[in-house]
Structure formats: C-alpha cells, structure tokens
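**Q** One structure, as structure tokens, below. Some questions next.
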Amino acid sequence: MSLPIDPEEIAPEDIGEARATLDMSHDDAIEHVRSVFTDAGFGVPVEFSPSEMLNEKVDAGRDPYYVLGACNPSVADRALEATDNKLGALMACNVVIWEEDPGTQIVYHTSIMRIARLIGMAPDTEEMADIIADTGELVDEAFENL
C-alpha cells in the first residue's frame, strides 16, 4: 500500500503542529494544560494516561504520558456538519503531555481539522477553511498561555 501523500512533503504548519515545554511536574502540567485549554474555550470530555495503561498491561516501563481530548463544542458541531459526520472518527482534538525529563514536560498538538482535509476526509471548501482557522486561533491562544 502506498501513502496518498508524501510525509516528507508535509510541513509542521500543514498539520497545525504546536509544541511547548513546561518546567513543572507531570501532574502540575496536566492541570495547567487542562486549565489553559478550558480558558481558551475547549472542554475536555476525554482524558487518559496511555503510560499507566501500558505499564500495567504490558509492563512497558513508559515515562508519564497523558492525553487530554479537548473539544470546542460549536466548532466540533460545525466540523461534523461540514464532513457529513466523518470527522467524529478523529475527535477529540488531542493535546498530549509527556515527561521529557523529571520536571520537564512536553505539550504537543496537531490539528485534526487540517489532517482531515489533507487526507480527503474533510472537504476543501471555504466553510472548512473557516473551521480550521477558528480552531487554529483557539489552539494558538491556548499555547500562548502555556
């Protein structure tokens, strides 16, 4: 199977990649990121620790890693409408926090809206461009406040 797009040609801005480093404990970073994203207009309907699950189930020995499934309800509703409900397969907009070193946490996000458009799941329309822009502004605001 060949990929429909060449990963070498995708720039970080094409997928809305955002990254920040926080100098704090892992638990404090989770609380801080949750608070900042909530203040930016996101809810967090889903969250979990893959590292805890993998360490428990397969003795993976993973360092702390946490996923916050952030969602802005009005943007999510518009995105579902614009994609004939397909975008729900990628929801929520995950923000991940992993411990790089004790006291140093990485916060990472990519835009499911941009990725959906790249792979053809979302239409290349003005409506979708507006949704992507609105989501990008919310994420930018959150990352500026981390």
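The values are calculated or read from the model by the stated rules, or taken from the named source; none is laboratory data. Just so we're clear, the structure is a prediction, and the values are computed from it rather than from any experiment. For neighbour counting, all protein chains shown are included, and Cβ atoms are generated from backbone atoms with ideal geometry for every residue, glycine included. To get the accessible areas, we keep the full protein, side chains included, count just its heavy atoms, and leave off ligands, DNA and RNA. Shrake-Rupley method; radii C 1.70, N 1.55, O 1.52, S 1.80 Å.
**Q** Rounded, prolate or oblate for region 38-91? Axes are the square roots of the Cα gyration tensor eigenvalues, ordered a ≥ b ≥ c, and the cut-off for rounded is a/c under 1.5.
**A** Values: a/c = 5.03, a/b = 2.09, b/c = 2.41.
Oblate is the answer for region 38-91, as a/c is 1.5 or above yet b/c matches or exceeds a/b.
**Q** Just to check I understand the Karplus step: with θ = phi - 60° and J = 6.51 cos²θ - 1.76 cosθ + 1.60, what whole-Hz values come out for region 16-25, glycine and proline as x?
**A** Residue by residue, region 16-25 yields x, 5, 9, 8, 9, 10, 10, 9, 6, 5 Hz.
**Q** How many Å² of accessible area per residue for the chain, probe 1.4 Å?
**A** 57 Å²
**Q** Further question: Which whole-Hz couplings ³J(HN,Hα) result when phi for each residue of region 32-39 is put into the Karplus expression 6.51 cos²θ - 1.76 cosθ + 1.60, θ = phi - 60°, listed in order with x for Gly and Pro?
**A** Values, residue by residue: 5, 5, 4, 5, 5, 5, 5, 4 Hz.
**Q** Stokes-Einstein at 10 °C, 1.306 mPa s, Kirkwood radius from Cα pairs: D for the chain in µm² s⁻¹? If you can, show how the numbers build up before the last one.
**A** On the way: Rh = 16.1 Å.
Roughly 98 µm²/s, to the nearest whole number.
**Q** Right, something else. Give me, ordered by chain and number, the residues 5 or more places off GLU47 or on other chains with an amide H under 5 Å from its own placed amide H.
**A** Result for GLU47 returns GLY69.
**Q** Could you work out the pair-distance distribution P(r) of region 78-143 from its alpha-carbon pairs, with 5 angstrom bin width and percents rounded to whole numbers?
**A** With a bin width of 5 Å, the distribution comes to 4, 16, 25, 21, 13, 9, 6, 4, 1.
**Q** For the chain, give the percent of accessible area contributed by carbon and sulfur heavy atoms, probe 1.4 Å, rounded to a whole number.
**A** Working: 4010 of 8390 Å².
Heavy-atom surface of the chain belonging to carbon and sulfur, 1.4 Å probe: 48 percent.
**Q** Return the long-range amide H neighbours of ASN72 (sequence gap of 5 or more, or a different chain), with a cut-off of under 5 Å between placed amide H atoms.
**A** Under 5 Å from the amide H of ASN72: GLY43.
**Q** Let me check I've understood the local charge: for GLY88, count other residues with C-beta under 12 angstrom from its C-beta, Lys and Arg +1, Asp and Glu -1. What total comes out?
**A** On the way: positive: LYS86; negative: ASP77, GLU81, ASP84.
Local net charge: -2.
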